[in-house]
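Reading through the structure tokens given below for one structure.
What follows draws every value from the coordinates through simple rules; no lab data is involved. Please read all numbers here as calculations on a predicted model, not as lab measurements. Glycine gets a Cβ as well: all are built from the backbone with ideal geometry, and neighbour counts include every protein chain shown.
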């Protein structure tokens, strides 16, 4: 096996990431609309709004993470420390916004955490689909 067999061309990575973000955005929009359909008639439209805010924060985190990874990969001499500081800063920003909204606008503001959690589950699902497809294609792991 040569090095070129395991190297992914740089131009394919952003396209795949953009496709995943497109799916995540469409799913998040559907979930946000569904939250209003379910929660507004129950008298909780603010919870639905904050749930949508959590979905949006999760999408923002995903976009920022993709940009950070692209910058890290494009550098000739990437610094793991700079990347770690970038990740820490991004997560601090997202967490600070979520906690601030949740505390300032309790109890409806807690919907932000539900939106963040649901978007993370969506992203895990979207990221696992290509893996499952590849495992099925190659027959690895006993998958048909």
Determine Rg/Rh for the stretch 92-144; Rg is computed over alpha-carbon atoms and Rh is the Kirkwood hydrodynamic estimate from the same atoms.
1.33
Between residue 120 and residue 93, with labels modelled 7 Å along Cα→Cβ, what's the label distance in nm to one decimal, could you check?
1.9 nm
Packing rank of 126-136, 47-57, where each peptide gets the mean count of other beta carbons within 10 Å, highest leading
47-57, 126-136
Shape box of the stretch 47-144 [Cα atoms, principal axes, largest first, Å]
50, 40, 15
Please give the contour-minus-distance gain from residue 105 to residue 38: 0.36 nm per residue of separation, less the Cα-Cα distance, rounded to one decimal in nm.
22.1 nm
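Using packing as a proxy for protection, rank 25-38, 110-123, 84-97 so that the peptide with the highest average count of other Cβ atoms within 10 Å comes first. Intermediate values should be presented prior to the final figure.
On the way: 25-38: 15.0, 110-123: 19.1, 84-97: 13.2.
Per-residue Cβ counts within 10 Å, averaged per peptide and sorted highest first, yield 110-123, 25-38, 84-97.
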Run the quick spin-label model on residue 63 and residue 31: label points 7 Å from Cα toward the beta carbon, then report their separation in nm to one decimal.
1.7 nm
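Just need the relative contact order of the stretch 12-131 here, percent rounded to a whole number, with Cα pairs under 8 Å and 6+ apart. Intermediate results must be reported in sequence, preceding the final value.
Values: 101 pairs, mean separation 44.3, N = 120.
Contact order relative to length: 37 percent.
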